[in-house]
Ligand SMILES: [Zn+2]
């Protein structure tokens, strides 16, 4: 039986790989870790073993990367409706749930080993992109305030992001009241915005960098409200924007990425090189950084497969299909091969060339998903509330 919790086994070694985009150097280790992970789950999760059996699949069939798509794929909808656990309850160290708008949520459990691998990945990826900093900063979180025991993945991610540099303060746009309901933090936002504007006017030498963290849509609405009022800030150089929309890709249908980046630069004085957008999901918690070309580059920890919805076979680069992933991250649940309900296209730099951002790995581009209208409605509600808060700050 594979012992994937041993720190020298392929999986932890993969997650400690020094260069997060060295796909060719780490490929053999990746395949070994995936085979081991499939075996681990097959021997611990009877329901998963039955799925593999039904599909006549054995981990020995993974000989090269071209075989990865054959691993029976678990749709996120299946994870929402069925329990697929490979560890006993007493080994669960962390739980994350999706923020699903439709009521059905995924509940994903982590044991210590998966948490350790995830932490190593976050450290490597954030260091690589220059996001870790010893300089204290103020955080403006355009999202939800966390609370003890919070299980919502996006809230955990935003909170986690506020540890990449020491926090002098954290202001949350949405705070929980005594009834456990989230409400717009009017006072907090008003204070923080007034302070930023005052510091700009007085050219205060004691300004700390600002890190704006949260959903792209909220950041867009805040920036456009400030823009309408002619606010132009020049925040200290290590200020940055850290965005993660999870599945929420709706804003791309409303405005373009370039438009958002220009707006952020105009209003906050944060250049586009300091705007970091990440994609990750509760069911597939791997960090994909979106470069300025709109490419989510594949890191060493996973492979991305865009599938034909009928045959589930990979489609050629540039053709739309269903976004799916392969990663050996999880030991608590068999999430080694999962399929989302997002539409995407794959692409890759020409042989011997790199993307304009300098990265040489393949990438996916998101095309949106079914049911986006509901999300747009949510965002419009948030926009109204933010507008009121900004109005009150003047
Ligand atoms: Zn790129």
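Here are the numbers for the structure shown:
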item: For the chain, calculated [θ]222 nm from helices alone, where every DSSP H run of n ≥ 4 adds -39500 (n - 2.57); result: -11000 deg cm²/dmol
item: Size of the range 1-144 as Cα extents on the principal axes (Å, biggest first); result: 53, 42, 30
item: Within a Gaussian network of the chain (alpha carbon springs, distance under 10 Å), most fluctuating of 12, 236, 134; result: 134
item: Whole-angstrom gap from the range 166-193 to the range 101-149, using each part's C-alpha centre; result: 19 Å
item: Semi-axis lengths (Å, descending) of the ellipsoid that matches the C-alpha gyration tensor of the range 53-133; result: 26, 22, 15
item: R0 of 35 Å, Cβ-Cβ distance residue 292-residue 179: FRET efficiency to nearest 0.05; result: 0.25
item: Pairwise FRET efficiency - residue 227 versus residue 112, Cβ, R0 = 41 Å, nearest 0.05; result: 0.35
item: Scattering profile of the range 78-217 at q = 0.11, 0.16 Å⁻¹ [log10 I(q)/I(0), Debye over alpha-carbon scatterers]; result: -0.54, -1.01
item: Cα-based helix-to-principal-axis angle, 372-392 vs the chain, degrees rounded to 10; result: 30 degrees
item: Top of 353, 70, 123 by mean-square fluctuation, Gaussian network on the chain, Cα under 10 Å; result: 353
item: Point-to-point label distance, residue 127-residue 104, nm (Cα→Cβ direction, 7 Å offset); result: 4.1 nm
item: Separation in nanometres of the label points that stand 7 Å from Cα toward Cβ, at residue 167 and residue 91; result: 3.2 nm
item: Kirkwood-based shape ratio for the chain, expressed as Rg/Rh from alpha carbons; result: 0.97
item: Paramagnetic reach from residue 150 in the range 197-213 [backbone N under 13 Å; point 7 Å along Cα→Cβ]; result: 213
item: Debye log10 I(q)/I(0) at q = 0.10, 0.12, 0.21 Å⁻¹ for the range 168-249, Cα point scatterers; result: -0.28, -0.41, -1.19
item: Gaussian network model of the chain, Cα within-10 Å springs - most flexible of 234, 302, 106; result: 234
item: Translational D in µm²/s for the range 193-308 (Stokes-Einstein at 10 °C, 1.306 mPa s, Kirkwood Rh from C-alpha pairs); result: 103 µm²/s
item: Acute angle (nearest 10 degrees) that the helix 257-268 long axis makes with the longest principal axis of the chain, alpha-carbon atoms; result: 40 degrees
item: Span from the the range 302-339 Cα centroid across to the the range 49-93 one, whole angstrom; result: 12 Å
item: For the range 111-175: rounded, prolate or oblate by the Cα gyration tensor [a/c cutoff 1.5]; result: oblate
item: Residue 198 versus residue 50: modelled label distance in nm, points set 7 Å from Cα along the beta carbon direction; result: 6.4 nm
item: Cα gyration tensor, the range 284-355 - rounded (a/c under 1.5), prolate or oblate; result: oblate
item: Angle between the chain longest axis and helix 186-202 axis [Cα atoms, degrees, rounded to 10]; result: 60 degrees
item: Global form of the range 163-206, assessed from the alpha-carbon gyration tensor, a/c cut-off 1.5; result: oblate
item: Relative contact order %, the chain, counting alpha carbon pairs below 8 Å whose residues are six or more apart; result: 18 percent
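Since every read-out is calculated from the coordinates, none of them should be taken as a lab result. Quick caveat, the model's predicted, so the values are computed rather than measured. With ideal geometry, Cβ positions are generated from the backbone for all residues, glycine too; neighbour counts draw on all protein chains shown.
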